[in-house]
1. Only one residue in A:Asn77, A:Asn85 is in contact with a strand residue (DSSP E or B) (Cβ under 8 Å, 6 or more places away or on another chain), at pLDDT 95 or above and open to solvent by 30 Å² or more (accessible area, probe 1.4 Å), so which one is that?
2. Would you check which residues across the stretch B:20-47 are among the aliphatic types (A, V, I, L, M) and under 10 Å from the mean Cα position of the chain (by Cα) and list them?
3. Within the stretch B:66-82, does at least one residue satisfy the condition of being open to solvent by 20 Å² or more (accessible area, probe 1.4 Å), within 11 Å of chain A (Cβ to nearest Cβ) and either in contact with an Asp or Glu (Cβ under 8 Å, 6 or more places away or on another chain) or under 20 Å from A:Pro41 (Cβ atoms) (or both)?
4. For B:Ala50, indicate whether it is at pLDDT 95 or above, under 13 Å from the mean Cα position of the chain (by Cα) and farther than 17 Å from A:Ser105 by Cα.
5. If you check B:Ile1 against the conditions, is it of a type outside the set (Lys, Arg) and open to solvent by 20 Å² or more (accessible area, probe 1.4 Å)?
6. Would you pick out the residues in the stretch A:6-30 that are of a type outside the set (Val, Ile, Thr) and open to solvent by less than 40 Å² (accessible area, probe 1.4 Å)?
7. For a quick check of your reading: which strands (runs of 3 or more DSSP E) sit entirely within the stretch A:3-119 and have at least 1 residues that are more than 14 Å from chain B (Cβ to nearest Cβ)?
Amino acid sequence: EVHLLESGGRLIQPGGSLRLSCTASGFTFATYPMSWLRQAPGKGPEWVAGISPAGGGIHYGDSVKGRFTISRDNSDNTLYLQMNNLRAEDTALYYCAKSPVASQSFEHWGQGTPVTVSS
Amino acid sequence: IQMTQSPSSLSASVGDRVTITCRASQSIRTYLNWYQQESGKAPKLLILAASDLQSGVPSRFSGSGSGTDFTLTISGLQREDFATYYCQQSYSAPITFGQGTRLEIK
């Protein structure tokens, strides 16, 4: 069974940095594209960043480009999101998600980790 | 690519047939996916590539469309179907979602 477990979310001041982790199990992690998505309270999902299976292909949403960095460690089955220069509008529940091979749909999601940016 | 869903909310009764529409700002061929989100839970993928039902999703859900116009139809609403539905384009980065359609019990 696919299992994705996010961690690292917390309350942080504007301008601060945070690294989120997503530990994967139940599938061959190195074979699948992975993404980070977020959902602000009362809003729809927003795709944040995606990474190809080997890590060579990376894309970002416009609102986080230049501030966030997605990476993965296939030897440790872990996906990361380094978030710098955080803003109040980055406040959301952050999900990691697994895509099918050669697709940018999101077939499995974690339970999310909350990030609150506030002074 | 902007995704626009309509309606933003919808009231219906158990047993009804409902249709939700999603329009893309440019052609996305059939790179369109539908999700269901229950309160307090992560979104669940229902339909992939405009019309392919995910394994385990009841057959009362169906999707159609190509290019810029897509529909999600639920035939014979069940109580567990009252949730929020989102479309999502996977044609090109940045990946984008519709604003959602909240399906409520009448």
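1. Among A:Asn77, A:Asn85, only A:Asn77 is in contact with a strand residue (DSSP E or B) (Cβ under 8 Å, 6 or more places away or on another chain), at pLDDT 95 or above and open to solvent by 30 Å² or more (accessible area, probe 1.4 Å).
2. Scanning the stretch B:20-47 gives B:Ile20, B:Leu32, B:Leu45, B:Leu46, B:Ile47.
3. No - not one qualifying residue is present in the stretch B:66-82.
4. Spelling it out, it is not the case that B:Ala50 is at pLDDT 95 or above, under 13 Å from the mean Cα position of the chain (by Cα) and farther than 17 Å from A:Ser105 by Cα.
5. Answer is yes for this residue.
6. Within the stretch A:6-30, A:Glu6, A:Gly8, A:Gly9, A:Gly16, A:Leu18, A:Leu20, A:Ser21, A:Cys22, A:Ala24, A:Phe27, A:Phe29 meet the criteria.
7. Output list reads A:3-7, A:18-25, A:68-73, A:78-83, A:113-117.
The values are calculated or read from the model by the stated rules, or taken from the named source; none is laboratory data. This structure is a prediction, so every number in the text was calculated from the model and none was measured. Note: ideal-geometry Cβ built from the backbone for every residue, glycine included; neighbour counts use all protein chains shown. Protein only, heavy atoms only, side chains kept; ligands, DNA and RNA dropped before computing areas. Shrake-Rupley method; radii C 1.70, N 1.55, O 1.52, S 1.80 Å.
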